[in-house]
Structures are given as structure tokens and as C-alpha cells.
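The values are calculated or read from the model by the stated rules, or taken from the named source; none is laboratory data. Everything numeric in this text was worked out from a predicted model, so none of it was measured. Cβ sites come from the backbone with ideal geometry, for glycine too, and all protein chains shown count toward neighbours.
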Amino acid sequence: MGPILVIKLGALGDFILSYRAMTAIRAHHAGAPLTLLTIPSLEPLARATRLFDDIWLDTRPKVQEPLAWRRLARRLNGGGFERVYDLQTADRTGYYFRLMRFPFARRTPEWSGIAPGCSYRHDSPDRTTKHTLERQADQLAVAGIGREEYPPLDLSWVRADISRHAFVREGRPFALLVPGGSPGHLYKRWPAGCYGALAATLADKGLAPVVIGTGVEADACASVAAATPKAVNLCDDSPVMEVMALARAAALAVGNDTGPLHLIAAMGCPTVALFSQASSPEFNRPRGPYEGPGALNPPPGREAATVTVIQEDDLGTLGVERVLGALAKTLDLP
């Protein structure tokens with residue numbers, strides 16, 4: 001088969017959840033040129049996977065920009081793609097499907113997605129009730145890629161030098177805490193004071209609390225780190241590949257429904273994910289590498305490396321003891 005296009009425009013967590021489908025597409029089309037259309041913030045991670053021969057950045061033209069739409073149509077059709085896998089399945093990518101049909105194109109490529117009229121339409125009535133991993137596996141099955149074609153999950157491309165951190169060099173056991181999240185959705189965050197109490201308790205149990213976050217989450221991260229002198233604050237000093245490498249070595253992780261927690265869980269770190277009523281963990285909770293399509297067998301010592309979800313309508317009412325109870329149950333934490 002000729003060139004293949006994969007479309008994934010979503011956020012960090014969505015990209016990680018789609019990684020397995022991408023590996024299945026790569027395996028099914030071995031030898032075919034594979035291009036990814038994505039957003040700029042995901043380009044470094046996409047390149048690190050080494051799945052794609054080329055990466056295009058979505059220009060996201062606005063409705064009132066007809067010339068930009070025409071340029072996008074020329075580029076999409078100029079790629080000569082024989083098949084497109086739309087892993088975003090959004091209104092915008094439905095427009096892109098129409099751009100790759102007559103009169104914009106002489107030949108319509110095969111298309112896997114949900115756009116009306118596409119060749120491999122995933123229109124199962126239960127598609128919106130499944131987790132992303134299972135939903136995408138069903139979508140690929142419609143296009144002829146069965147679950148048996150998913151290669152074993154390979155995360156060997158995750159490489160970063162984490163020896164710059166003293167707690168790593170000294171071999172201290174540590175836990176990752178992810179107290180942030182979108183500043184526009186503060187209701188999806190467990191209060192920083194609760195994370196601080198958790199950090200102090202973990203420190204008393206011999207685990208160095210390592211706080212992960214970005215610059216916009218600086219206040220929350222600083223509040224958590226201030227709870228114990230044993231905490232390490234890596235706020236705005238947490239590159240994606242380092243977070244994943246740290247997760248490979250961490251004893252556990254606790255975090256909100258946010259992208260970095262998906263990175264951490266994907267590496268097999270025992271994880272407790274905290275959800276408010278604003279999110280649906282059954283659809284998009286972080287998933288570890290030991291469940292779902294292409295799942296791995298856990299190595300010795302990681303048998304309990306699962307993702308535990310705690311959901312409360314209002315995370316402000318979630319007590320620290322309940323989170324500690326989930327950690328104790330999963331990890332035999334003293």
C-alpha cells in the first residue's frame with residue numbers, strides 16, 4: 001500500500017492513549033510511508049516514538065480563512081495518501097475528510113473514522129460508551145486491523161538522563177505527585193493542601209515526594225512541596241521524556257485527571273488517579289501497559305502496577321485517608 005496518514009490532534013493524555021493504535025497501524029502497514037498530522041506541542045513526543053516517517057503540523061484554519069483552507073486541502077491531497085486513520089474523530093477532522101474528496105481531490109483515499117460516507121466508518125452504537133483503547137481497537141478492526149495484530153507494547157524509546165536529580169543518584173525511593181491540571185478546570189484538581197498532607201505522610205513512610213507540574217501550576221506545586229523538607233519540586237522542570245523515565249523508577253504516583261498522569265501510568269508506575277464529576281474515567285482514565293490491546297506481562301515487583309481510580313463529585317471532599325487507603329491496598333504501603 002502507498003502512503004498512510006494518521007490524524008491525532010488531541011492533548012497529551014489523548015496522544016498517549018492513542019499510542020497503541022498507532023503501533024498497530026505501523027505494524028499493519030510495514031514498509032508504507034507513514035505520516036502523522038498533529039499539533040505543535042505533540043511533535044517532540046511523536047518524533048521520539050519513531051513510528052512516523054514524517055510529521056505534519058495542523059494549521060487549524062478558522063472558518064473565515066478560505067485561503068488557509070485551500071492551502072490545507074492542497075497539502076492533504078498532495079500527499080497521495082491511500083488510507084487515512086482519523087484517531088481524533090472530531091468535527092474538524094470530518095471537515096478534513098471532505099477536503100480530500102471531489103472537487104478538492106481527484107481520488108478519495110480510504111478513510112477510517114466516523115465521517116459520513118467514509119470507507120471504514122466506525123458507527124457502532126456503543127462506540128461512545130467505551131474507553132479510548134477499546135474504542136480505537138474497534139475502529140481499527142473495521143478497517144481490517146484486528147487486535148491480534150497489535151504488537152507488544154514497546155516503550156524502549158523512552159530515554160532520558162534522570163541522574164541530574166540527587167534523589168535518583170542516591171537511590172532514594174520516591175513517589176510522583178501531580179497536583180495540577182488545566183487552569184480553566186480547577187474543579188478537576190484535588191486541593192493542594194490535601195496533596196501537601198499526602199506528601200508529608202509519604203515522606204514519613206520513607207518516600208521522597210517529587211512534585212511534577214508546569215509553570216502555570218507553580219502555586220499548587222509550591223504549596224505541596226512546602227509541606228515537607230523531603231519534597232522535591234520539579235515544577236516547570238519536568239520535560240515529557242524525563243517524567244516518563246522517572247515514572248519507570250518511581251514507587252507510586254498520585255495525580256489529577258491531567259496529561260502527565262497518563263505519561264506516568266503508561267510506564268507501569270502504580271498510579272492512583274483522582275477524578276471529579278466533570279470527567280468520565282470509564283472513557284479516558286490513564287491506562288497502564290499491563291492491560292488492553294498489546295498489553296505486556298508485568299515484570300517482577302510490578303505485579304500490582306495498576307491504575308486505581310478514585311472519583312468524587314467534588315474533589316474538595318476527598319479525604320487524604322481514602323487516598324492512602326487506595327495506595328495501601330494496591331502497594332501494601334505501611
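As an exercise: evaluate S238 against (1) under 19 Å from the mean Cα position of the chain (by Cα); (2) within 19 Å of L186 (Cβ to Cβ); (3) of a type outside the set (A, V, I, L, M) and give the number of the one condition it does not meet.
S238 satisfies every listed condition except (2).
Since E134 meets every condition but one in (1) more than 23 Å from R50 (Cα to Cα); (2) modelled with pLDDT under 95, which condition does it not meet?
For E134, the exception is condition (2).
Here is a check on your reading of the model: is A160 in contact with a helix residue (DSSP H, G or I) (Cβ under 8 Å, 6 or more places away or on another chain), of a type outside the set (S, T, Y) and within 22 Å of G288 (Cα to Cα)?
Answer is yes for this residue.
Output the residues belonging to the range 276-294 that are touching a residue at least 60 places away in the same chain (Cβ under 8 Å) and not charged (D, E, K, R).
Of everything in the range 276-294, those that are touching a residue at least 60 places away in the same chain (Cβ under 8 Å) and not charged (D, E, K, R) turn out to be S276, A278, S279, F283, N284, P286, P289, G292, P293, G294.
Can you name the condition, by its number, that T59 falls short on among (1) at pLDDT below 95; (2) surrounded by 14 or more Cβ atoms within 10 Å (Cβ to Cβ); (3) β-branched (V, I, T)?
Every listed condition holds for T59 apart from (2).
Go through the range 40-54 and count every residue that is free of Cβ contacts under 8 Å to residues at least 40 places away in the same chain and surrounded by fewer than 17 Cβ atoms within 10 Å (Cβ to Cβ).
So the count comes out to 6.
For the range 112-138, what are the residues that are of a type in the set (G, A, S) and not in a loop (DSSP other than H, G, I, E, B)?
Within the range 112-138, S112, G113, A137 qualify.
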